[in-house]
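The numbers here are math on the coordinates, done by the rules we state, and not lab data. From a predicted model like this one, the values you see are computed outputs, not experimental measurements. Note: ideal-geometry Cβ built from the backbone for every residue, glycine included; neighbour counts use all protein chains shown.
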Amino acid sequence: MKISRVISIVVFLLVQISFGQKNDVKLLTGKVQEQSTPVEGVNIINNATQAATVSDSDGSFSIAVREGDVLVFSAVNLNPVKHRITAEDMTANFLVIKMTAKEVELKEVVVNENANITAENLGIIPYGQKKYTPAERKVYTATSTSVDKLLNAISGRTAMLKKEVNVEKKEALFRKLEYLFEENYYTNRLKIPVDDIKGFQLFCVDDADFAVSLNTKNKTMSMFLITDLARKYLTILENEK
């Protein structure tokens, strides 16, 4: 009897010690990244205890946890992440969380409510005929005949009109970019000062790859490229100080 009682006490103590170790509170440190970039301002909540913190400028954070707790990571323009604390996390005492940018939908713009009524189906112009912008039409007119082409080339008018076409294309890209992102995306996500947003947008449309992403409406590629362009632009601003 005495031996079995001693064994029972020992087993009970071992269970209590194991239970206590599993439920020890530990201050866990970590870092939040979007791709390889540290993310500031990510809200981190422990669902079990409701303890909360926010990542700093290096993406670093620290929060009290137990094994089995679930941490919820959330931020504007980033997809939320849930992570359950494992024994490995407790041993390593360092956690790296990877977050991804949310898809940003273009604003809806109604260009023509009667989209089926066009100059082509009304018979005003033939089907498949090239459509010119105002600036492109001027270039076409200036080079439509051999005489016009020669005279305008000599006078420099053709070169001037081609520059006007390039300006017109950049203006069109600029208008597309204005509809792509809200102001808080530039200030909160990309860290562009409010007063420099217009200058940054002009900087973006000058980038050939970014221009292609706008023209093809590739939102994912636009978001990827604009993050890198923001880093370059912020470096330029810093060097100008």
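Which loop-located GluC sites (Glu not before Pro) does segment 169-241 contain, where loop means any DSSP state but H, G, I, E or B and the Cβ has at most 15 other Cβ atoms within 10 Å?
On the way: sites: 171, 178, 182, 183, 238, 240; in loops: 182.
Passing sites in segment 169-241 are 182.
Which distance in nm do the two modelled labels at residue 191 and residue 92 give, with both placed 7 Å along the Cα-to-Cβ direction?
Here the modelled spin labels are 2.5 nm apart.
Quick one: length gained pulling residue 234 to residue 64 fully straight, 0.36 nm per residue minus the C-alpha distance? Display every interim value, and only then the final one.
Values: separation 170, 0.36 × 170 = 61.20 nm, distance 3.50 nm.
Result for the pair: 57.7 nm of gain on full extension.
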